[in-house]
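Comments concern the structure below.
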Amino acid sequence: VWMFCIDESFYFGIPIVKSVQAEGREARVAERVASLPPPIAAAMAFAGMPKDEDVILDPVCGSGTLLAEARGYAPNARLIGIDVDETAIRAAKANLGENAKLKLMHADSRVADLEENVTLLLANFPFGLRYGDRKTNAELYRGILENVLRKADLEKFRAVMLSSDTESLRQALESFSSLETKEIFRVKIRGELATAVLAKPRSR
């Protein structure tokens with residue numbers, strides 16, 4: 001029996017299937033170096049509590065792992081994935097398939113035109129090993145958040161973000177006094193310790 005806590009709720013579970021047997025995982029046909037492992041993506045999505053009425057954005061979507069796991073929790077949610085790497089978008093299309101509720105964009109998330117009001121942001125931010133640069137990560141993270149928040153539905157907005165460059169993520173989040181943040185878990189990914197942070201508008 002497993003037990004874990006998110007916010008003020010405790011969750012108990014009894015394993016029924018292994019992670020590789022989870023619904024939708026068999027649809028993955030394209031992998032990329034440094035792709036987020038699906039069980040970690042599932043934990044991030046769960047922490048964001050996806051709902052069918054959500055508009056869910058992954059601004060650095062890679063091969064679409066986070067969006068796929070979010071869809072498992074909220075199959076009718078609107079999904080948007082953006083990536084500057086065109087090969088990543090091709091991989092995401094292969095993994096996520098054709099869906100009227102899915103939009104994938106080859107663009108820079110700092111300036112991409114977001115036509116819909118985002119309610120849930122899920123992001124595994126590049127942190128400077130194979131992708132990204134630790135000298136500019138804080139600026140990158142801040143730019144993405146600024147663009148997303150311009151179109152976010154602040155009544156419903158929340159974000160779950162993961163990075164091994166925790167200092168850059170902290171610096172970026174300090175720019176948004178309207179958001180309250182808290183660390184929700186730490187995990188090692190390919191030898192790098194990464195921290196997941198939950199952010200949402202401060203209570204008024």
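Report the residue count in region 83-116 for those that are acidic (Asp, Glu) and under 18 Å from the mean Cα position of the chain (by Cα).
Taking region 83-116 and keeping what is acidic (Asp, Glu), we get 83, 85-86, 98, 108, 113, 115-116.
Keeping just the survivors that are under 18 Å from the mean Cα position of the chain (by Cα) gives 83, 85, 108, 116.
Final tally of qualifying residues: 4.
Checking the conditions here, which among Leu145, Leu140, Leu121, Leu169 is hydrophobic (A, V, I, L, M, F, W, C) and outside any helix (DSSP H, G or I)? Write out each step before concluding.
Working: Leu145 fails: outside any helix (DSSP H, G or I); Leu140 fails: outside any helix (DSSP H, G or I); Leu169 fails: outside any helix (DSSP H, G or I).
None of the others qualify; the one that does is Leu121.
Failed condition for Ala22, given (1) among the hydrophobic types (A, V, I, L, M, F, W, C); (2) over 22 Å from Arg186 (Cβ atoms); (3) at pLDDT 90 or above; (4) open to solvent by less than 60 Å² (accessible area, probe 1.4 Å), with all others met?
Result: Ala22 passes all but (3).
Sort through Leu149, Leu193 and tell me the only one that's touching a strand residue (DSSP E or B) at 6+ places or on another chain (Cβ under 7 Å) and hydrophobic (A, V, I, L, M, F, W, C). Please lay out each step first, then the result.
Numbers: Leu149 fails: touching a strand residue (DSSP E or B) at 6+ places or on another chain (Cβ under 7 Å).
On inspection, the qualifying residue turns out to be Leu193.
Considering each residue of region 86-112, count those that are of a type in the set (Asp, Glu), without any contact (Cβ under 8 Å) to a residue 24 or more places away in the chain and touching a helix residue (DSSP H, G or I) at 6+ places or on another chain (Cβ under 9 Å), and give that number. It would help to see each step written out before you state the result.
So the first thing to find is which residues in region 86-112 are of a type in the set (Asp, Glu), and the list is 86, 98, 108.
In the following step, the residues that additionally are without any contact (Cβ under 8 Å) to a residue 24 or more places away in the chain were identified as 86, 98.
Narrowing the set further to residues that are touching a helix residue (DSSP H, G or I) at 6+ places or on another chain (Cβ under 9 Å) leaves none.
The total comes to 0.
Can you tell me which residue in region 97-106 is farthest from Asp54 (Cα to Cα), limited to those that are open to solvent by less than 50 Å² (accessible area, probe 1.4 Å) and either among the basic types (Lys, Arg) or modelled with pLDDT of 95 or more (or both)? Before the answer, list the steps.
First, the residues of region 97-106 that are open to solvent by less than 50 Å² (accessible area, probe 1.4 Å): 97, 102, 104-105.
Next, only the ones that are either among the basic types (Lys, Arg) or modelled with pLDDT of 95 or more (or both) stay: 102, 104-105.
Numbers: Leu102: 12, Leu104: 16, Met105: 18 Å.
Once the filter is applied, the top-ranked residue is Met105.
Are any residues in region 73-96 part of a helix (DSSP H, G or I) and open to solvent by 60 Å² or more (accessible area, probe 1.4 Å), and if so, which ones?
The initial filter retains those residues of region 73-96 that are part of a helix (DSSP H, G or I), namely 73, 86-96.
Tyr73, Glu86, Thr87, Arg90, Lys93 - these are the residues of region 73-96 that are part of a helix (DSSP H, G or I) and open to solvent by 60 Å² or more (accessible area, probe 1.4 Å).
Could you list all residues from region 182-197 that are open to solvent by 70 Å² or more (accessible area, probe 1.4 Å) and either outside any loop (DSSP other than H, G, I, E, B) or at pLDDT 95 or above (or both)?
Answer for region 182-197, where residues must be open to solvent by 70 Å² or more (accessible area, probe 1.4 Å) and either outside any loop (DSSP other than H, G, I, E, B) or at pLDDT 95 or above (or both): Lys182, Glu183, Arg186, Lys188, Leu193.
Would region 110-123 turn up any residue that is closer than 26 Å to Phe4 by Cβ and modelled with pLDDT under 95? Walk me through it before giving the result.
If we filter region 110-123 for residues that are closer than 26 Å to Phe4 by Cβ, which is where we start, we get 119-123.
Then keep just the ones that are modelled with pLDDT under 95; that gives none.
Looking through region 110-123, none of the residues is closer than 26 Å to Phe4 by Cβ and modelled with pLDDT under 95.
Quick one: which residue in Ser109, Ser177 is small (Gly, Ala, Ser), open to solvent by 30 Å² or more (accessible area, probe 1.4 Å) and not in a helix (DSSP H, G or I)?
Ser177
The values are calculated or read from the model by the stated rules, or taken from the named source; none is laboratory data. Model, not experiment: these values are computed from the prediction. Every residue, glycine among them, receives a Cβ derived from its backbone with ideal geometry; neighbour counts consider all protein chains shown. All accessible areas refer to the heavy atoms of the entire protein, side chains included, with ligands and DNA or RNA removed. Shrake-Rupley method; radii C 1.70, N 1.55, O 1.52, S 1.80 Å.
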